[in-house]
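Working notes, structure below.
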2 protein chains.
Amino acid sequence: MTKVVIIGGVASGSKAAFKLKRLKPNFDITIYTKEHNVSYSACGMPYYIGGIIKDIEKLIIRKVDDFKKSGIDVKNLHEVLKIIPEQKRLLIRDLKTGSEFFDNYDKLIIATGAGPFMPDIKGIDLGNIFTLRNLNDGRKIKKKLLHSERALIIGGNYIGVELAESFIRHNVTTTIVEQNSHLMKFFDDDMGNLIQNTIKNISQDYLNILNSDTVVELKKTENNDIEVITKNGFRTVVDFVVIAAGVRPCVRLAVEAGVELGESGAIKVDNKMKTNIEDIWAIGDCAEKLHLISKKNIFAPLSSIANKEGRICALNIAGKEAKTFNGIIGSSVVKYFDFSMSKSGLADFEAKKLGFEPVSVIITNLDKSKYMPEAKEITIKLTADKNTHKLLGVQCIGFGDADKRVNILATALLKEFTVEELVNIDLTYSPPVSISIDPILIATYKLIEKLEN
Amino acid sequence: MTKVVIIGGVASGSKAAFKLKRLKPNFDITIYTKEHNVSYSACGMPYYIGGIIKDIEKLIIRKVDDFKKSGIDVKNLHEVLKIIPEQKRLLIRDLKTGSEFFDNYDKLIIATGAGPFMPDIKGIDLGNIFTLRNLNDGRKIKKKLLHSERALIIGGNYIGVELAESFIRHNVTTTIVEQNSHLMKFFDDDMGNLIQNTIKNISQDYLNILNSDTVVELKKTENNDIEVITKNGFRTVVDFVVIAAGVRPCVRLAVEAGVELGESGAIKVDNKMKTNIEDIWAIGDCAEKLHLISKKNIFAPLSSIANKEGRICALNIAGKEAKTFNGIIGSSVVKYFDFSMSKSGLADFEAKKLGFEPVSVIITNLDKSKYMPEAKEITIKLTADKNTHKLLGVQCIGFGDADKRVNILATALLKEFTVEELVNIDLTYSPPVSISIDPILIATYKLIEKLEN
């Protein structure tokens with residue numbers, strides 16, 4: 001009987017376990033996780049913190065018992081200390097009892113995920129300084145939030161923006177410190193500035209944004225509050241701090257076992273999710289992904305991708321070796337109240353770095369027929385390569401159905417549409433749903449004109 | 001100086017006029033239209049009738065004066081009686097004075113649109129029997145609606161369904177008579193039955209649907225109401241009737257001038273929108289379109305397509321002959337209150353008729369993460385060809401973001417994705433916007449399994 005061990009069970013690990021059990025009911029499958037929970041939606045935590053989801057237990061997709069009922073053994077609160085590939089063994093510590101023991105595997109899947117990046121800040125070890133990784137972190141932040149008036153978030157990108165919303169929903173004055181000159185640094189400056197202005201307008205006095213700045217010191221005050229000091233000399237006092245300065249792949253275990261990392265710092269895998277070591281696979285945030293437009297391997301922690309990788313890994317371990325995970329386009333969306341910011345492919349600044357010659361247009365148009373009361377303005381930046389006329393990326397923001405448009409272009413990017421081919425997309429139209437000449441087409445026509453001149 | 005005459009000015013005609021004027025400011029451009037208005041949104045009329053749009057004037061996109069200001073001459077209330085291609089002349093009647101005169105052209109664009117199909121029903125000439133083509137029709141229906149309690153709609157497809165909503169918004173009990181066994185006949189029976197049940201549930205007692213039936217006679221009652229008699233023997237009395245039994249291309253003028261029609265009954269054009277007669281072009285609803293999946297030329301009256309054709313025709317007349325309109329995928333959406341029904345490509349029954357071997361799956365899944373309060377169920381039917389595994393079509397219905405998914409697949413259909421390629425689509429994920437494993441992917445995985453077994 002084949003014994004499969006999975007280290008980590010949040011998104012990709014639990015997906016792989018269930019898929020593999022379905023394909024190979026006789027396989028012996030064990031998940032080891034340091035955490036209490038497996039299979040939960042980390043992405044949902046800002047909505048628990050913000051009060052949109054009342055009960056954090058709702059974020060648990062499958063309980064430990066659900067795994068057991070399906071014949072998958074979950075050892076939670078168990079930390080894998082060491083992988084010994086030459087013996088196909090693992091050294092494990094039971095975190096409840098402290099005892100250590102060995103287990104063996106025929107196939108090992110590393111799904112250790114990613115953890116918060118901790119910037120080098122004096123006083124970062126004080127109390128009331130949080131990161132957001134697992135459900136317990138979510139509980140702690142929420143508990144503190146409910147008795148706070150002032151919060152600081154270090155980092156103004158996806159998680160930072162979602163947390164700011166959740167804090168402001170509780171009328172907590174929030175300061176974001178962001179190194180970049182605007183929030184959402186993965187957007188070009190023109191779009192990023194629009195984003196930041198819109199977010200400020202929505203938030204009124206509840207949000208302060210410090211750009212091009214970093215926190216250098218955190219100090220405890222006499223009242224047990226936290227004084228924040230930034231590089232540019234800004235000082236403020238807050239009740240608590242959340243560090244949302246990005247995440248890094250959790251690869252220590254893998255590296256110590258001789259598993260090779262890629263350029264990105266995440267684990268190098270092939271398109272079947274195999275590492276350099278026979279019978280060791282890596283999936284999810286800890287594994288790097290091929291970006292299909294840049295052709296570079298990158299670190300991209302996203303649960304939608306992690307799920308795909310879990311599925312492909314399971315199919316391959318089950319012997320379906322024709323199944324591959326080809327890579328990603330780089331699609332993302334985040335909402336700040338009703339305002340959505342979405343992106344697929346490359347921003348101009350990213351395309352330039354990679355040697356493309358990006359040509360882009362920005363258009364603002366209604367998302368629905370002008371006469372419909374719910375029509376809202378959306379802004380699209382569409383980018384193509386000067387030489388090939390192939391699409392490189394799209395950035396789309398707005399209050400209406402802005403995010404609807406980005407997946408259309410993500411699909412076009414996957415098949416390397418030129419802008420000339422994009423003209424032929426046949427989009428649905430009805431006044432309460434869309435507009436007769438879609439903003440995507442308006443942007444496309446304008447981009448073609450620009451490329452032709 | 002080149003003289004361009006356009007017959008008809010609703011969607012494609014006015015688009016062509018403006019685009020051509022921008023490209024060739026020196027061209028002399030004249031639009032003749034029988035109607036009072038040009039450039040209005042016919043698609044918006046159900047929303048005026050339903051009361052969502054208060055002022056019908058809002059449906060006018062550009063007024064006659066806007067055309068004149070741009071240097072385009074609009075002769076409204078002028079009917080073109082005859083096209084004389086050998087003399088490049090037109091015989092025209094001024095509908096206000098009754099006088100007739102000739103005008104000449106260098107390039108002629110036929111944009112005569114489509115008109116309601118009138119079924120063969122006894123008593124169809126009685127008063128209070130309406131069709132919906134232009135703004136005046138919309139005004140008449142609304143006026144009658146406001147003093148009515150009972151309405152009958154002949155035809156239960158796009159327009160019929162939109163009108164039923166608009167009548168029920170005014171608490172008018174509505175009966176739809178539809179020849180097909182379910183509403184929305186362009187959907188497969190399985191999806192169509194779901195659609196009909198959902199529409200019935202939404203409407204409660206306000207909507208009666210008679211399927212597999214037709215109206216055979218309309219009679220005036222003593223109270224000046226209308227008695228309706230159907231083939232199956234159903235009888236009812238209503239205040240007014242709307243005929244929404246489909247539309248037909250308006251091609252009489254073209255045919256009399258020797259312009260060739262296609263198999264579909266609409267005007268045959270090439271991918272530059274040229275007809276068989278030199279210097280005569282046809283665009284919009286009166287021109288047939290190549291369906292890129294069936295490879296058949298079809299009649300498909302849609303303003304989004306009409307706008308594209310107007311643009312391509314103008315570019316070609318201006319000398320940019322590399323610009324082509326390649327065809328359509330067949331994408332459509334309609335809403336009934338908050339319930340949307342969308343489709344792209346072929347339904348199974350259509351695919352079978354064309355000689356494909358359709359294999360399909362139907363899945364129902366949430367459109368957003370389960371724990372988000374706004375998550376709603378959507379149902380997707382995804383179809384591929386058994387032999388090539390290429391996508392053939394999608395039908396998508398639901399209360400949530402069902403219609404969001406169809407355009408993603410319309411884009412995939414345009415580039416002939418196989419289901420195996422569709423697995424690689426990289427869709428955005430964030431809990432308030434979507435779900436970690438998108439319903440499209442769930443349907444795709446299931447369809448691959450079905451195709452492989």
### Task
Could you list, in sequence order, all residues of the range B:369-387 that are among the charged types (D, E, K, R) and open to solvent by 20 Å² or more (accessible area, probe 1.4 Å)?
B:Lys370, B:Glu374, B:Lys376, B:Glu377, B:Lys386
### Which numbered condition B:His147 misses (of (1) of a type outside the set (A, V, I, L, M, F, W, C); (2) open to solvent by less than 20 Å² (accessible area, probe 1.4 Å); (3) not in a strand (DSSP E or B))
(2)
### Task
Quickly run through the range A:218-268 and pick out the residues that are open to solvent by 50 Å² or more (accessible area, probe 1.4 Å), within 30 Å of A:Asn326 (Cα to Cα) and in contact (Cβ under 8 Å) with a residue 40 or more places away in the chain.
A:Val247, A:Arg248, A:Glu256
### Message
Among the listed residues A:Leu422, A:Leu409, A:Leu414, identify the single one that is buried (at least 24 other Cβ atoms within 10 Å of the Cβ), in contact with a Phe, Trp or Tyr (Cβ under 9 Å, 6 or more places away or on another chain) and more than 7 Å from chain B (Cβ to nearest Cβ).
### Response
A:Leu409
### Summary
Of the residues in the range A:36-65 that are more than 14 Å from every other protein chain (Cβ to nearest Cβ) and in a helix (DSSP H, G or I), the one that is least open to solvent (accessible area, probe 1.4 Å) is A:Val64
### Of all residues making up the range A:92-109, the number that are among the polar types (S, T, N, Q) and touching a strand residue (DSSP E or B) at 6+ places or on another chain (Cβ under 6 Å)
1
#### Entry: Which numbered condition B:Lys390 misses (of (1) open to solvent by less than 10 Å² (accessible area, probe 1.4 Å); (2) more than 7 Å from chain A (Cβ to nearest Cβ))
(1)
### Message
Just to verify a result, which residue in the range B:171-192, among those that are open to solvent by less than 70 Å² (accessible area, probe 1.4 Å) and of a type in the set (S, T, N, Q), is nearest to the chain's Cα centre (by Cα)?
### Response
B:Asn180
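Per-residue answers, yes or no, for (1) under 19 Å from B:Gly310 (Cα atoms); (2) in contact with a His (Cβ under 6 Å, 6 or more places away or on another chain); (3) in contact (Cβ under 8 Å) with a residue 60 or more places away in the chain:
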site	(1), (2), (3)
B:Lys19	yes, no, yes
B:Asp28	yes, no, no
B:Thr33	yes, no, no
B:Ala42	yes, no, yes
B:Ile49	no, no, yes
B:Ile53	no, no, no
### Task
Could you please find all residues in the range B:425-453 being more than 9 Å from every other protein chain (Cβ to nearest Cβ), touching a helix residue (DSSP H, G or I) at 6+ places or on another chain (Cβ under 7 Å) and of a type outside the set (A, V, I, L, M, F, W, C)?
B:Pro439, B:Thr444
### Query
Tell me, which residue of the range A:9-35 that is more than 14 Å from chain B (Cβ to nearest Cβ) and among the hydroxyl-bearing types (Ser, Thr, Tyr) is surrounded by the most Cβ atoms within 10 Å (Cβ to Cβ)?
A:Thr33
#### Entry: Scan of the range B:66-78 for residues that are open to solvent by 20 Å² or more (accessible area, probe 1.4 Å) and either in the same structural domain as B:Asn136 (by TED's automatic domain parsing) or not in a strand (DSSP E or B) (or both), ordered by number
B:Asp66, B:Lys68, B:Lys69, B:Ser70, B:Gly71, B:Asn76, B:Leu77
#### Entry: Unmet requirement for A:Ile397, which otherwise passes all of (1) facing another protein chain (nearest Cβ under 7 Å); (2) among the β-branched types (Val, Ile, Thr); (3) crowded, with 24+ Cβ neighbours inside 10 Å; (4) touching a helix residue (DSSP H, G or I) at 6+ places or on another chain (Cβ under 7 Å)
(1)
### Residue that is touching a strand residue (DSSP E or B) at 6+ places or on another chain (Cβ under 9 Å) and in contact (Cβ under 8 Å) with a residue 12 or more places away in the chain, where the choices are A:Lys58, A:Lys122
A:Lys122
### Message
With the structure loaded, tell me whether B:Asn224 is over 28 Å from B:Gly345 (Cβ atoms), modelled with pLDDT under 95 and not in a strand (DSSP E or B) or whether it fails that test.
### Response
yes
### Residue satisfying all of: in the range A:97-133; in contact with a helix residue (DSSP H, G or I) (Cβ under 8 Å, 6 or more places away or on another chain) and open to solvent by 40 Å² or more (accessible area, probe 1.4 Å); farthest from A:Lys58 (Cα to Cα) among these
A:Asn104
### Task
Give the residue that is nearest to the other protein chains (Cβ to nearest Cβ), with candidates limited to residues of the range A:369-387 that are among the basic types (Lys, Arg) and over 20 Å from A:Ile199 (Cα atoms).
A:Lys370
### Query
Which of the residues that make up the range A:79-99 are under 15 Å from A:Leu253 (Cβ atoms) and assigned to a strand (DSSP E or B)?
A:Glu79, A:Val80, A:Leu81, A:Lys82, A:Ile83, A:Ile84, A:Arg89, A:Leu90, A:Leu91, A:Ile92, A:Arg93
### Query
Which of (1) within 12 Å of another protein chain (Cβ to nearest Cβ); (2) in contact (Cβ under 8 Å) with a residue 12 or more places away in the chain is the odd one out, the single condition A:Ala322 does not satisfy?
(2)
### Task
Could you tell me whether any residue of the range B:269-276 is among the polar types (S, T, N, Q) and surrounded by 21 or more Cβ atoms within 10 Å (Cβ to Cβ)?
yes
### Query
What about B:Gly355, is it of a type outside the set (D, E, K, R), open to solvent by less than 20 Å² (accessible area, probe 1.4 Å) and at positive phi?
no
#### Entry: Breaking point among (1) over 22 Å from the mean Cα position of the chain (by Cα); (2) within 14 Å of chain A (Cβ to nearest Cβ); (3) among the small types (Gly, Ala, Ser), for B:Gly123
(2)
### Query
Can you name the residue in the range A:278-296 that is under 30 Å from A:Thr418 (Cα atoms) and touching a residue at least 60 places away in the same chain (Cβ under 8 Å) and, of all such residues, is surrounded by the most Cβ atoms within 10 Å (Cβ to Cβ)?
A:Ile293
### Summary
For the range A:398-411, pairs from a residue that is more than 21 Å from A:Gln196 (Cα to Cα) to a residue that is in a strand (DSSP E or B) and among the small types (Gly, Ala, Ser), with Cβ under 6 Å and 6 or more apart or across chains, are A:Leu409/A:Ser344; A:Ala410/A:Ser344
### Query
Which of the residues that make up the range A:193-209 are part of a strand (DSSP E or B) and open to solvent by less than 30 Å² (accessible area, probe 1.4 Å)?
A:Leu207, A:Ile209
### Message
Can you report the number of residues in the range B:338-368 which are more than 22 Å from the chain's Cα centre (by Cα), within 12 Å of chain A (Cβ to nearest Cβ) and of a type in the set (Ser, Thr, Tyr)?
### Response
0
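The values are calculated or read from the model by the stated rules, or taken from the named source; none is laboratory data. These numbers were taken from a predicted model, which means no experiment stands behind them. Ideal geometry is used to build each Cβ from the backbone, glycine not excepted, and the neighbour counts take in all protein chains shown. SASA here: full protein model, heavy atoms, side chains in, ligands and nucleic acids out. Shrake-Rupley method; radii C 1.70, N 1.55, O 1.52, S 1.80 Å.
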